[in-house]
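The values are calculated or read from the model by the stated rules, or taken from the named source; none is laboratory data. Since the model is a prediction, treat every value here as computed from it, not as a measurement. Methodologically, a virtual Cβ is constructed for each residue, glycine included, from the backbone with ideal geometry; neighbour enumeration extends over all protein chains shown.
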């Protein structure tokens, strides 16, 4: 560990404000162990940083000196037993008093540290448990990026639909999620078929959709139900240029 210079302490003092990676406490006489453990966990979860004792909280910050943790080696051992990761502790002899510097490492990728069951983070001047969304994002770091994953092959059109995130699809379009999963897949498949036909400059019709689902000509009721559900979901619309009558009906993506 490289020694922290007096100049570095002064540079930290001139920081516009405390942030997730830098925290000051006066602690002229002592500092609570439990609070120290919690701060170390929170700062590690935010990317690592430094925790300084012997510095006034309010600006303009000044070194006031601290008598806390006079045995850094012993305290480092306690810290490790409490939080399960190493924190280096350093005494800096500043001209204005003793400063205790805790060098806190960042958490490993895809991992969050906890103390007494709480995954802590800093919010302003407070320590608070991480939200589920925040934790989910951290844990996802350890998973391979989908761009790094091998491509799947040999999938049918239905397999592709089932692999899609239909919940997010409906949420992004601000549409109610159908209660029937089969209905979800049918609507998505109908919409994708309509878009494909539109890109190919071909109309989607009852017949092309029936062929897409590999249904017989006697399945007109099923096809009509899928078309109706997809129109009601605001994904497709009837082609106004098509001849009248269901037999000749054509459909376009809603945005076309």
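Data table
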read-out	value
Matching strands (runs of 3 or more DSSP E) fully within segment 1-114 where at least 3 residues are under 32 Å from the mean Cα position of the chain (by Cα)	22-25, 49-53, 97-104
Qualifying residue in segment 175-192 (condition: in a loop (DSSP other than H, G, I, E, B), closer than 21 Å to residue 238 by Cα and at pLDDT 70 or above)	no
Breaking point among (1) more than 20 Å from residue 115 (Cα to Cα); (2) in contact (Cβ under 8 Å) with a residue 40 or more places away in the chain, for residue 29	(2)
Check on residue 95, exposed (fewer than 14 other Cβ atoms within 10 Å of the Cβ), under 27 Å from residue 133 (Cα atoms) and at pLDDT 90 or above	no
Residues (outside any loop (DSSP other than H, G, I, E, B) and exposed (fewer than 12 other Cβ atoms within 10 Å of the Cβ)) located in segment 212-229	221, 228
Pairs with Cβ under 7 Å, 6+ apart, first in segment 116-135 and over 25 Å from residue 24 (Cβ atoms) and in the same structural domain as residue 48 (by TED's automatic domain parsing), second at pLDDT 85 or above and assigned to a loop (DSSP other than H, G, I, E, B)	135/112; 135/119
From 63, 41, 83, residue being more than 18 Å from residue 124 (Cα to Cα), buried (at least 18 other Cβ atoms within 10 Å of the Cβ) and touching a helix residue (DSSP H, G or I) at 6+ places or on another chain (Cβ under 6 Å)	83
